[in-house]
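Below is one structure, written out as structure tokens; the observations come after it.
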Amino acid sequence: MDSFPSPFLDRSTRRLVENQGRCLGPGPLEVTLTQPGRSGPGSDRLQGSEETRSLIPERGPPEEEPDIIVKGWLQREPRVGGARPWLPPRRAWFVLTRDSLDQFSGSGRGARRLGSLVLTSLCSVSGPERKPKETGLWSVTVSGRKHSVRLCSSRLAEAARWGAALRSVIAGKAPLETPTQLLLRDIQESGGDSEAVALIYLRNPILRHTSSALYAPLLPLPYGVGPPGPGYAPLREEAVRLFLALQALEGARRPGPLMQGVLQTCRDLPALRDELFLQLAKQTSGPAGPPESPTPNSPAALRYWQLLCCMSCTFRPGGVVRGHLLGHLERTERAFPDTELAEYTRFIRKALGRTRGRELVPSLAEISALSQRQELLCTVHCPGAGACSVAIDSHTTASEVARELVGRLGLARSRNAFALYEQRGSQERALAGGALVADVLTRFENLTAEEAESPDSGWRLCLRLHGPLHPEGLPPDGHELPFLFEQAHALLLRGRPPPPEDTLRALAALRLQSLHRDFSPLAPLPRLDRLLPASALTRETPPRPTPRAPPTAALLAGALWSPGLAKRRAERARRGGAVRSGGTGAREGGGTGAAAAVLGGWKQLRGMGQAEAMATYLALAAQCPGFGTARYDVLELSTETGGGVPQQLCLGVGAKTMSLSRPGETEPIHNVSYGHVAACQLTGPHTLALKVGDSQLLLQSPQVEEIMHLVNAYLASSTPDRSCNLVNTPDLQATPSPVSQNPGLDDHQV
């Protein structure tokens with residue numbers, strides 16, 4: 001095995017090697033950089049000892065030298081991870097210079113040296129920290145390439161002083177470069193000379209595909225940094241594990257979960273992203289640079305390229321790594337112009353130009369599509385139009401999907417605005433225009449896996465109205481009228497808005513007229529809970545107390561399905577003065593009275609066409625103050641001097657008013673019409689300021705941009721000659737009172 005004294009070469013060492021080459025003769029000097037081999041424990045100790053002895057003279061502690069930064073008595077613990085961690089700390093004299101941390105048995109010149117740690121730019125310092133269960137002392141840990149030293153003191157100030165001094169020395173060190181970095185610079189300086197690049201690849205196996213293990217990372221990673229999170233090892237160890245995972249891809253029967261795990265590691269540990277890009281470039285390189293052409297019957301040879309496709313659609317490599325990767329792709333495409341490898345190189349190069357960062361790693365479905373360089377099909381549910389399939393890639397945004405669906409449904413010239421929402425049951429939330437749909441699908445996959453046992457765990461994408469409703473002038477033969485009609489009915493069933501009972505029953509009658517035309521005893525009727533919200537059914541007054549048993553489910557169903565029984569009950573209610581000519585439904589008792597009132601209203605709509613019934617439904621629903629109200633969880637902030645504790649509130653943004661209510665309560669604390677909103681400003685990344693009259697509200701939410709767009713649309717709709725003031729003023733001066741404590745808002749309630 002080739003000898004390799006150290007995995008890092010600084011610039012001075014490299015310059016010395018080059019000068020020696022010039023002295024030897026005019027011919028080129030061949031320097032081969034290979035992967036360091038693993039040696040035994042004894043050789044590691046010998047190598048570490050020789051390394052420190054070569055840089056630090058064997059003498060006692062210096063008394064007065066200008067390069068001494070800190071010195072003093074401290075407690076030293078055994079080496080971290082040593083063979084005898086149970087030994088108690090021992091007192092030693094420590095001397096910190098610009099090159100090393102030395103420890104001696106005493107402060108005199110003849111004291112025996114107990115150990116030394118050479119400080120480089122990759123050393124790390126952690127602490128001070130205290131572990132009462134172990135020593136009870138404040139400790140600072142310094143990690144080097146071979147071992148770590150833990151300095152202990154009974155005083156926090158002294159431990160902090162040593163930690164700051166050590167960090168200052170390490171920060172002033174020149175950056176170390178790995179052999180891979182030096183070779184990348186040589187390839188870049190070759191100026192595109194294919195023969196020179198091929199010679200570099202031929203003489204340096206560290207740049208080529210290998211079936212052996214990797215014992216050190218290709219890029220400089222700090223020593224001894226603790227696990228960045230649960231389930232992870234230090235960075236250098238994780239880099240070696242990533243390479244083992246890459247090699248396992250070649251024989252994996254299901255590569256998708258393994259690829260997703262590798263991508264998740266890079267998402268959690270950003271320092272390993274460039275490392276993985278270089279490892280993939282290494283494993284896809286041959287003796288002359290470009291790889292050998294894989295056979296079509298060997299899909300394992302393409303696994304590295306498939307993972308590189310996923311990486312390029314998820315992360316952005318650094319400058320030097322990006323340049324090397326683009327050059328590697330260009331050389332591969334030039335060597336195999338009409339092969340599948342050329343298709344992969346073009347796909348990866350295009351993805352690198354579009355990727356701007358992902359919140360989540362690709363889902364298994366997306367990984368499968370990227371492995372084949374294909375688009376991913378997502379399903380978007382549109383009210384009145386069913387489910388629509390849209391082809392997306394890793395860079396498609398929510399606004400692009402909404403724009404495509406609006407054009408496909410013929411809604412491009414509509415006055416109404418539409419947006420993409422994520423929905424599960426009664427929960428729904430508008431997606432930001434720049435949100436990546438691929439990230440949303442990954443979140444759906446994760447939530448479905450976590451809530452597999454839940455009966456209502458199906459998340460889906462839907463297109464719905466976003467902003468004020470304009471029901472006038474809708475074409476009767478287009479998609480917009482049934483689209484808005486179905487969405488308004490879905491909002492009604494979820495209790496938004498909660499209009500009066502007469503309006504609810506009038507809307508239910510219009511719904512029956514649009515679905516089944518004129519009333520007929522033979523018409524199939526839906527259940528009452530599909531016409532009215534559950535809150536309206538629970539509000540029904542129970543029947544007068546009688547000794548008889550409550551009506552059975554069959555009797556209630558018969559009130560809807562038996563025309564004769566429904567007619568008799570309607571006549572009885574009419575004789576009792578319950579049903580009036582204005583269409584007001586009485587509280588006859590249970591769902592029977594509501595069903596009779598709805599059927600009576602349906603009979604009065606005889607002769608009304610389907611389009612007219614839909615348009616009338618929308619016009620009546622748009623008159624409700626809370627129609628289409630979007631709800632957001634916000635945090636109310638007080639701007640008074642020594643203000644109160646922030647309060648959790650629910651902000652409702654409707655067509656005509658904005659409301660604030662407490663979580664879990666339906667009745668709002670305050671209702672504010674848009675006519676009283678003087679200004680709407682952003683005061684920070686997640687803070688919104690609403691000026692209402694002489695008062696100002698500060699609300700905090702991660703969805704402030706969505707709230708701003710929605711409020712802006714409603715303000716422009718309520719007064720066409722006015723628009724919301726969208727100003728980013730982080731230094732806005734205001735002294736409002738909180739919502740719950742400001743009586744001035746009560747003057748503007750509607």
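The values are calculated or read from the model by the stated rules, or taken from the named source; none is laboratory data. Being a predicted model, the structure only gives us computed values, none of them experimental. For neighbour counting, all protein chains shown are included, and Cβ atoms are generated from backbone atoms with ideal geometry for every residue, glycine included. Heavy atoms of the whole protein, side chains included, go into the accessibility calculation; ligands, DNA and RNA do not. Shrake-Rupley method; radii C 1.70, N 1.55, O 1.52, S 1.80 Å.
Check Arg443 against each of (1) farther than 30 Å from Ser363 by Cα; (2) assigned to a helix (DSSP H, G or I) and name the one condition it does not meet.
(1)
Go through region 371-394 residue by residue and tally those that are surrounded by fewer than 17 Cβ atoms within 10 Å (Cβ to Cβ) and either part of a strand (DSSP E or B) or within 19 Å of the chain's Cα centre (by Cα) (or both).
Counting residues in region 371-394 that are surrounded by fewer than 17 Cβ atoms within 10 Å (Cβ to Cβ) and either part of a strand (DSSP E or B) or within 19 Å of the chain's Cα centre (by Cα) (or both) gives 7.
I'd like the full set of residues that are open to solvent by less than 60 Å² (accessible area, probe 1.4 Å) and assigned to a strand (DSSP E or B), limited to region 112-137. Can you show your working first?
Initially, region 112-137 is screened for residues open to solvent by less than 60 Å² (accessible area, probe 1.4 Å), giving 113-128, 135-137.
Arg113, Leu114, Gly115, Ser116, Leu117, Val118, Ser124, Val125, Ser126, Gly127, Pro128 - these are the residues of region 112-137 that are open to solvent by less than 60 Å² (accessible area, probe 1.4 Å) and assigned to a strand (DSSP E or B).
Identify the residue in region 254-274 that is in contact (Cβ under 8 Å) with a residue 40 or more places away in the chain and of a type in the set (Gly, Ala, Ser) and, among all such residues, is farthest from Pro234 (Cα to Cα).
Across region 254-274, the extreme among qualifying residues is Gly256.
Out of region 172-195, which residues are at pLDDT 90 or above and in contact with a Ser or Thr (Cβ under 7 Å, 6 or more places away or on another chain)?
The answer is none; no residue qualifies.
Please find, within region 682-704, the residue that is farthest from the chain's Cα centre (by Cα) out of those that are open to solvent by 40 Å² or more (accessible area, probe 1.4 Å) and more than 18 Å from Leu649 (Cα to Cα).
Asp694
Identify the single condition in (1) touching a Phe, Trp or Tyr at 6+ places or on another chain (Cβ under 7 Å); (2) modelled with pLDDT of 75 or more that Gly652 does not satisfy, given that it satisfies every other one.
With respect to (1) touching a Phe, Trp or Tyr at 6+ places or on another chain (Cβ under 7 Å); (2) modelled with pLDDT of 75 or more, Gly652 is out only on (1).
Yes or no: region 162-169 includes at least one residue that is without any contact (Cβ under 8 Å) to a residue 40 or more places away in the chain and in contact with a Gly (Cβ under 8 Å, 6 or more places away or on another chain).
Within region 162-169, one or more residues are without any contact (Cβ under 8 Å) to a residue 40 or more places away in the chain and in contact with a Gly (Cβ under 8 Å, 6 or more places away or on another chain).
Okay, residues lined up against (1) open to solvent by less than 40 Å² (accessible area, probe 1.4 Å); (2) under 26 Å from Asp186 (Cβ atoms):
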{"residue": "Ala248", "(1), (2)": "no, no"}
{"residue": "Arg254", "(1), (2)": "no, no"}
{"residue": "Arg273", "(1), (2)": "no, yes"}
{"residue": "Leu276", "(1), (2)": "yes, yes"}
{"residue": "Trp305", "(1), (2)": "yes, yes"}
{"residue": "Gly323", "(1), (2)": "no, yes"}
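Take Trp86 and decide whether it is aromatic (Phe, Trp, Tyr), surrounded by fewer than 19 Cβ atoms within 10 Å (Cβ to Cβ) and modelled with pLDDT under 75.
Numbers: aromatic (Phe, Trp, Tyr): yes; surrounded by fewer than 19 Cβ atoms within 10 Å (Cβ to Cβ): yes; modelled with pLDDT under 75: yes.
So Trp86 passes the test.
Quick check on my filter: what residues within region 405-435 are in a helix (DSSP H, G or I) and surrounded by fewer than 17 Cβ atoms within 10 Å (Cβ to Cβ)?
Our first condition is that a residue be in a helix (DSSP H, G or I); within region 405-435, this holds for 405-408.
Within region 405-435, Gly407, Arg408 meet the criteria.
Has region 284-299 got any residue that is more than 15 Å from Thr332 (Cα to Cα), modelled with pLDDT of 75 or more and in a helix (DSSP H, G or I)?
First, pick out the residues of region 284-299 that are more than 15 Å from Thr332 (Cα to Cα): 295-299.
Pick out the ones that are also modelled with pLDDT of 75 or more and you get none.
Among the residues of region 284-299, not one is more than 15 Å from Thr332 (Cα to Cα), modelled with pLDDT of 75 or more and in a helix (DSSP H, G or I), which makes the answer no.
Any idea how many residues of region 357-385 are under 24 Å from Pro270 (Cβ atoms) and of a type in the set (Asp, Glu)?
Adding up the residues that qualify gives 2.
Listed residues Pro475, Pro482; which is more than 22 Å from Arg354 (Cβ to Cβ) and part of a loop (DSSP other than H, G, I, E, B)? Before you say what the answer is, go through the steps one by one.
On the way: Pro482 fails: part of a loop (DSSP other than H, G, I, E, B).
Result of the check over Pro475, Pro482: Pro475.
His686: farther than 30 Å from Gly473 by Cβ and either modelled with pLDDT of 75 or more or not polar (S, T, N, Q) (or both), yes or no? Quick ask: steps written out before the conclusion?
Details: farther than 30 Å from Gly473 by Cβ: yes; either modelled with pLDDT of 75 or more or not polar (S, T, N, Q) (or both): yes.
Considered against the rule, which asks whether it is farther than 30 Å from Gly473 by Cβ and either modelled with pLDDT of 75 or more or not polar (S, T, N, Q) (or both), His686 comes out as yes.
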